[in-house]
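Only the coordinates and a few stated rules stand behind these numbers; no lab work does. The structure displayed is predicted, hence computed values, not measured ones. Reconstructed Cβ throughout: ideal geometry from the backbone, glycine too, with neighbour counts over all protein chains shown.
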Amino acid sequence: MNDGKNKSLSSVSSLYVLKALCAFAVVILHAPLGAFTDYACLISSIAVPIFFMVTGYFLYSADVQQTCNRIKKTIRKVIPLILLLQAFYFVLDPLPSDILGNWVSYLVWLLQGYKPTGGHLWYLTALLQAMIVLWFYIRWTKGRYVWMFIFIWFLGFAAEDYRPLIFGSERSLLSENFLLYALPSLATGYSFRKWEQKIVRYNWGLIVGTVVVLAYVNSFVLSDIENFISIILRPWLYTGMLVSIFACALKYKNWGQGTKMEYIGQHLSSNIYYWHGAFIWWFADVLVGYDKFGAIYISIMSLVFAYIVVKVQDRFGWNVFR
């Protein structure tokens, strides 16, 4: 989850706040919140693509060589992260012996990251794969037409979002990959940085409110009345939430400046993401009221652990889990 740490972009406090919110949103996706789970998961579902978009935003530079250097830095950082976290979650919850000989299991592992306990690690795998593609493409084209990758996002509508209509089945495991998810999201963040001055002219606050309301109406009202129309609209409203919330954060860059949420987003959000799966595995069956407050419990534990990890790294001069 590299931010580039570019001094000229350090004033984008709102993106760090957004990262903090997204880190807790991911916990909500994986841990229950009682009667509010379904409502919270709808808005939380945009968390991972926003992480990709933030990374893409900080990758951009008018100097193509600088962009390539940032991509290479991210690749060098992600590879040891994947190896260490994969090893940790494998020890925590090894693959069952009955699927060790199944080549499909290894293919999914290679493409997405380890499942089920470490399923969230698909993010790092997809990030690495997308970064490699971007590096080759930008080197080859000198940074031209990166925005074209954005349109791959819409292929996911037919391939995954409309599977209930086309194939009569829900989204497949392969919906979470570098091609349909990471690459277009990175390209969107990259392009938003490039065209930022034009983008922030619009009233994104009003657009966010409108799209979010429509998304909730579609999911919890229209789906009960006309499920066919609801399925058709869902990916478009999802995309609208994603784009408008990110653009709104860019429009109000100083939002959250100097707050704890900015600190969490800048320094702790990655580790909240990396380790929350372990706390779910350890405590899901023993915490009183987990079915109602699980997301709150796991968020607190992950936040505290993330803080400890960062402080220990700072103490010894490490820079692995960032």
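How much of the pair distance distribution for the range 257-303 lies past 17 Å, counting alpha-carbon pairs only, in percent? Show your work: numbers first, answer last.
On the way: 407 of 1081 pairs.
So the pairs more than 17 Å apart make up 38 percent of the total in the range 257-303.
Among I280, I231, V213, which residue has its Cα positioned farthest towards the positive end of the charge dipole of the range 164-322, with +1 placed on the Cβ of Lys and Arg, -1 on the Cβ of Asp and Glu, and the dipole taken about the Cα centre?
V213
Strictly over 30 Å apart at the Cα level, which of K72/K311; K194/K311; K77/K198 would you flag in this model?
K194/K311; K77/K198
Tell me, rounded to the nearest percent, the portion of alpha carbon pairs in the chain spaced more than 31 Å apart.
31
Can you tell me the dipole magnitude for the chain around its Cα centre, using point charges on the Cβ only (Lys, Arg +1; Asp, Glu -1), in Debye to the nearest 20?
With Lys and Arg at +1 and Asp and Glu at -1, about 1640 debye.
Could you work out [θ]222 nm for the chain from helices alone, using -39500 (n - 2.57) per DSSP H run of at least four and dividing by all its residues? Round to the nearest 500 deg cm²/dmol.
-20500 deg cm²/dmol, from helical runs alone.
Take the alpha carbon atoms of the range 282-322, find their radius of gyration, then divide it by 2.2 N^0.38 Å using N residues; give the quotient.
On the way: Rg = 13.6 Å, N = 41, 2.2 N^0.38 = 9.0 Å.
That ratio works out to 1.51.
Which of the three applies to the range 216-297, rounded, prolate or oblate, going by the alpha-carbon gyration tensor with a ≥ b ≥ c and a/c under 1.5 meaning rounded?
Here the range 216-297 falls in the oblate category.
How are the C-alpha pair distances of the range 176-322 spread across 10 Å bins, as whole percents from the shortest bin up?
With a bin width of 10 Å, the distribution comes to 10, 22, 33, 28, 6, 1.
Assuming 0.36 nm per residue, please report the length gained on full extension of the stretch K253 to F136 beyond their Cα-Cα distance.
39.0 nm
Which residue, chosen from L42, T188, S244, occupies the Cα position most advanced towards the positive end of the dipole of the chain, where the dipole is computed from +1 (Lys, Arg) and -1 (Asp, Glu) charges on Cβ about the Cα centre?
T188
Which of the aspartates and glutamates could a cross-linker bridge to K251, judged by Cα under 13 Å and excluding same-chain residues fewer than eight apart?
Correct list for K251: E196.
If packing is taken as the mean number of other Cβ atoms within 10 Å per residue, what is the order of 43-52, 230-239, 161-170, 81-90, highest first?
43-52, 230-239, 81-90, 161-170
How many percent of Cα pairs in the range 140-244 exceed 17 Å?
Roughly 62 percent, once rounded to a whole number.
Measuring from label point to label point, each 7 Å out along Cα→Cβ, what is the T210 to F157 span in nm?
It is 1.8 nm.
What's the extension gain from F167 to Y263 if we count 0.36 nm per residue and subtract their Cα-Cα distance? Please list the in-between numbers first.
On the way: separation 96, 0.36 × 96 = 34.56 nm, distance 4.47 nm.
Value of the extension gain: 30.1 nm.
Once both labels are modelled 7 Å past Cα along the beta-carbon direction, what's the I75-I225 spacing in nm?
With each label placed 7 Å out from Cα toward Cβ, I get 5.1 nm.
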